[in-house]
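Have a look at the structure below, then the notes.
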Amino acid sequence: MAPKDIHSRSRVLMIAHNDITSSTFGGVEVYLKNLKRFLSRQYEVYSYIPRNEGSHGVTQLLDSHDHVVESIKWRTPFTNWELSNAERENAFANLLIQQRIQVVHIHHLSGHPPALAMVAKKMGIPVVFTAHDYFGICHVSNLLNENHTYCRPDTLEMSACDQCLHSQYGILGGSQQLRRKCWEKLLLSMDCLIFNT
(Lines give C-alpha, C1' and ligand atoms only; values in the text may rest on other atoms or scores of the structure.)
Protein backbone atom coordinates (compact mmCIF):
# COMPACT_ATOMS: atom_id res chain seq x y z
CA MET A 1 0.00 0.00 0.00
CA ALA A 2 1.42 3.37 -1.01
CA PRO A 3 1.97 5.96 1.73
CA LYS A 4 -0.62 8.70 2.04
CA ASP A 5 0.01 12.05 0.39
CA ILE A 6 2.10 14.05 2.86
CA HIS A 7 -0.55 16.79 3.03
CA SER A 8 -3.32 14.36 4.02
CA ARG A 9 -1.36 12.53 6.72
CA SER A 10 -2.15 12.95 10.41
CA ARG A 11 0.39 15.15 12.16
CA VAL A 12 2.25 13.96 15.26
CA LEU A 13 4.48 16.17 17.41
CA MET A 14 7.14 14.49 19.56
CA ILE A 15 8.47 16.50 22.48
CA ALA A 16 11.94 15.58 23.70
CA HIS A 17 14.93 17.04 25.50
CA ASN A 18 17.44 16.24 22.77
CA ASP A 19 17.85 14.43 19.46
CA ILE A 20 20.55 12.83 17.32
CA THR A 21 21.39 16.14 15.63
CA SER A 22 23.10 17.11 18.92
CA SER A 23 26.66 16.04 19.71
CA THR A 24 25.54 14.76 23.14
CA PHE A 25 22.86 12.28 22.13
CA GLY A 26 22.35 8.82 23.66
CA GLY A 27 19.94 5.90 23.78
CA VAL A 28 16.70 7.88 24.11
CA GLU A 29 17.62 9.99 21.11
CA VAL A 30 18.35 6.90 18.98
CA TYR A 31 15.03 5.38 20.07
CA LEU A 32 13.27 8.62 19.15
CA LYS A 33 14.93 8.71 15.72
CA ASN A 34 13.96 5.09 14.98
CA LEU A 35 10.38 5.66 16.14
CA LYS A 36 10.16 8.85 14.10
CA ARG A 37 11.44 7.02 11.00
CA PHE A 38 8.92 4.18 11.51
CA LEU A 39 5.95 6.50 12.13
CA SER A 40 6.90 8.68 9.15
CA ARG A 41 5.71 5.89 6.86
CA GLN A 42 2.15 6.71 7.88
CA TYR A 43 2.22 10.10 9.65
CA GLU A 44 3.79 13.49 9.27
CA VAL A 45 6.08 13.53 12.32
CA TYR A 46 7.63 16.62 13.87
CA SER A 47 9.87 16.95 16.91
CA TYR A 48 10.14 19.83 19.37
CA ILE A 49 13.63 20.13 20.86
CA PRO A 50 15.21 22.74 23.19
CA ARG A 51 18.70 24.03 22.36
CA ASN A 52 21.21 25.93 24.49
CA GLU A 53 21.57 28.78 22.03
CA GLY A 54 21.27 32.49 22.66
CA SER A 55 20.83 34.13 26.04
CA HIS A 56 17.70 32.20 27.07
CA GLY A 57 17.74 29.23 24.73
CA VAL A 58 15.92 28.26 21.57
CA THR A 59 13.37 25.54 20.90
CA GLN A 60 13.31 24.08 17.42
CA LEU A 61 10.55 22.39 15.48
CA LEU A 62 12.02 19.75 13.16
CA ASP A 63 10.26 17.86 10.38
CA SER A 64 10.38 14.11 9.65
CA HIS A 65 13.85 14.51 8.07
CA ASP A 66 15.19 16.55 11.04
CA HIS A 67 15.21 19.78 9.03
CA VAL A 68 14.47 22.87 11.12
CA VAL A 69 10.99 24.20 10.35
CA GLU A 70 10.99 26.90 13.02
CA SER A 71 13.28 28.20 15.78
CA ILE A 72 11.70 29.98 18.72
CA LYS A 73 14.06 32.32 20.58
CA TRP A 74 12.96 32.82 24.17
CA ARG A 75 12.89 36.22 25.86
CA THR A 76 12.92 34.76 29.38
CA PRO A 77 15.07 32.04 30.98
CA PHE A 78 13.72 28.61 31.96
CA THR A 79 14.81 26.02 34.52
CA ASN A 80 13.59 22.44 34.90
CA TRP A 81 12.00 23.36 38.22
CA GLU A 82 9.43 25.61 36.58
CA LEU A 83 6.12 23.82 36.22
CA SER A 84 4.65 26.42 33.89
CA ASN A 85 5.95 29.26 31.77
CA ALA A 86 3.50 31.60 30.03
CA GLU A 87 5.83 32.56 27.18
CA ARG A 88 6.55 28.93 26.27
CA GLU A 89 2.97 27.76 26.74
CA ASN A 90 1.62 30.51 24.46
CA ALA A 91 4.20 29.77 21.77
CA PHE A 92 3.41 26.05 22.01
CA ALA A 93 -0.34 26.65 21.63
CA ASN A 94 0.32 28.78 18.55
CA LEU A 95 2.60 26.12 17.09
CA LEU A 96 -0.04 23.40 17.60
CA ILE A 97 -2.56 25.53 15.69
CA GLN A 98 -0.20 26.65 12.91
CA GLN A 99 1.16 23.16 12.27
CA ARG A 100 -2.28 21.49 12.64
CA ILE A 101 -0.90 18.96 15.14
CA GLN A 102 -3.33 16.11 15.87
CA VAL A 103 -1.36 14.07 18.45
CA VAL A 104 1.33 15.14 20.93
CA HIS A 105 3.77 12.40 22.02
CA ILE A 106 5.93 13.42 24.97
CA HIS A 107 9.24 11.61 25.36
CA HIS A 108 10.95 14.00 27.75
CA LEU A 109 10.07 17.34 29.33
CA SER A 110 13.55 18.41 30.37
CA GLY A 111 13.93 21.88 28.86
CA HIS A 112 10.15 22.31 28.61
CA PRO A 113 7.50 23.24 31.19
CA PRO A 114 5.31 20.22 32.07
CA ALA A 115 2.32 22.49 31.48
CA LEU A 116 2.79 21.96 27.72
CA ALA A 117 0.92 18.68 28.13
CA MET A 118 -2.05 20.49 29.64
CA VAL A 119 -1.97 23.09 26.85
CA ALA A 120 -2.47 20.31 24.29
CA LYS A 121 -5.17 18.64 26.40
CA LYS A 122 -7.12 21.89 26.76
CA MET A 123 -7.01 22.24 22.98
CA GLY A 124 -8.55 18.78 22.61
CA ILE A 125 -5.36 17.20 21.26
CA PRO A 126 -4.65 13.65 22.52
CA VAL A 127 -1.39 13.33 24.48
CA VAL A 128 0.79 10.21 24.72
CA PHE A 129 3.61 10.00 27.27
CA THR A 130 6.57 7.62 27.07
CA ALA A 131 8.63 7.42 30.27
CA HIS A 132 12.32 6.94 29.52
CA ASP A 133 13.67 7.75 32.99
CA TYR A 134 12.59 9.20 36.34
CA PHE A 135 12.34 12.87 35.39
CA GLY A 136 8.72 12.90 36.60
CA ILE A 137 9.93 12.15 40.12
CA CYS A 138 12.88 14.52 40.20
CA HIS A 139 14.81 16.71 37.77
CA VAL A 140 17.81 14.55 38.74
CA SER A 141 16.37 11.89 36.45
CA ASN A 142 18.83 9.16 37.47
CA LEU A 143 17.82 9.65 41.14
CA LEU A 144 21.31 10.18 42.53
CA ASN A 145 21.46 12.08 45.81
CA GLU A 146 24.10 14.53 47.07
CA ASN A 147 26.37 11.53 47.87
CA HIS A 148 26.00 10.33 44.24
CA THR A 149 24.17 7.18 45.33
CA TYR A 150 20.67 5.99 44.46
CA CYS A 151 18.30 7.97 46.66
CA ARG A 152 15.48 5.38 47.01
CA PRO A 153 12.70 7.97 46.58
CA ASP A 154 10.02 5.41 47.47
CA THR A 155 11.41 5.23 51.01
CA LEU A 156 12.14 8.94 51.58
CA GLU A 157 10.07 11.54 53.33
CA MET A 158 9.41 14.51 51.08
CA SER A 159 11.43 16.67 53.51
CA ALA A 160 14.51 14.54 52.77
CA CYS A 161 14.04 15.24 49.03
CA ASP A 162 13.74 18.94 49.81
CA GLN A 163 16.95 18.88 51.87
CA CYS A 164 18.86 17.06 49.12
CA LEU A 165 17.63 19.40 46.39
CA HIS A 166 18.29 22.48 48.50
CA SER A 167 21.84 21.41 49.35
CA GLN A 168 22.70 20.55 45.73
CA TYR A 169 20.72 23.14 43.76
CA GLY A 170 19.38 25.75 46.18
CA ILE A 171 15.78 24.67 45.48
CA LEU A 172 13.32 25.92 48.10
CA GLY A 173 11.59 23.58 50.54
CA GLY A 174 8.16 22.39 49.44
CA SER A 175 9.11 22.48 45.75
CA GLN A 176 9.30 18.70 45.48
CA GLN A 177 5.74 18.30 46.79
CA LEU A 178 4.47 20.85 44.23
CA ARG A 179 6.39 19.06 41.47
CA ARG A 180 4.97 15.65 42.37
CA LYS A 181 1.40 17.01 42.49
CA CYS A 182 1.88 18.62 39.08
CA TRP A 183 3.26 15.41 37.59
CA GLU A 184 0.49 13.31 39.16
CA LYS A 185 -2.12 15.55 37.51
CA LEU A 186 -0.18 15.46 34.24
CA LEU A 187 0.12 11.66 34.17
CA LEU A 188 -3.53 11.12 35.13
CA SER A 189 -4.58 13.36 32.23
CA MET A 190 -2.67 11.42 29.55
CA ASP A 191 -4.53 9.52 26.86
CA CYS A 192 -1.81 6.86 26.75
CA LEU A 193 1.17 6.00 28.95
CA ILE A 194 4.09 3.90 27.66
CA PHE A 195 6.76 2.47 29.94
CA ASN A 196 9.58 0.75 28.07
CA THR A 197 11.55 -0.12 31.18
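The values are calculated or read from the model by the stated rules, or taken from the named source; none is laboratory data. Everything numeric in this text was worked out from a predicted model, so none of it was measured. Note: ideal-geometry Cβ built from the backbone for every residue, glycine included; neighbour counts use all protein chains shown. These area figures cover heavy atoms from the full protein model, side chains too; ligands, DNA and RNA do not enter into them. Shrake-Rupley method; radii C 1.70, N 1.55, O 1.52, S 1.80 Å.
Here each label is just a point 7 Å from Cα along the line to Cβ, and for residue 191 and residue 33 those points are 2.9 nm apart.
Scattering from the range 113-171 was approximated by placing one identical point on each alpha carbon and applying the Debye formula without solvent; log10 I(q)/I(0) at 0.30 1/Å stands at -1.28. Of the accessible area of the range 1-146, computed with a 1.4 Å probe over protein heavy atoms only, carbon and sulfur atoms account for 54 percent. Calculated accessible area for the chain comes out at 55 Å² per residue, all protein chains present (probe 1.4 Å; ligands, DNA, RNA ignored). With contributions of -39500 (n - 2.57) from each DSSP H run of at least four residues, the per-residue ellipticity at 222 nm computed over the chain stands at -9500 deg cm²/dmol. The base-10 log of I(q)/I(0) for the chain, evaluated at q = 0.12, 0.16 Å⁻¹, reads -0.62, -1.09 [Debye formula, identical scatterers on Cα atoms, solvent excluded].
Extending 7 Å from Cα along the Cβ direction at residue 160 and again at residue 86 yields two label points whose distance is 3.9 nm. List the longest stretch of the chain that has no exposed loop site; here a site is one of the trypsin sites (Lys or Arg not before Pro) assigned by DSSP to anything other than H, G, I, E or B, with at most 15 other Cβ within 10 Å. In the chain, the maximal stretch lacking such sites is 101-197. Shape analysis of the range 84-197 places it in the prolate category; the axes a ≥ b ≥ c from the Cα gyration tensor give an a/c of at least 1.5, with a/b above b/c.
Taking a threshold of 26 Å on the Cα-Cα distance, which of the pairs 36/181; 33/122; 33/185; 73/122; 121/181 fall above it? Among 36/181; 33/122; 33/185; 73/122; 121/181, the Cα-Cα distance tops 26 Å for 36/181; 33/122; 33/185.
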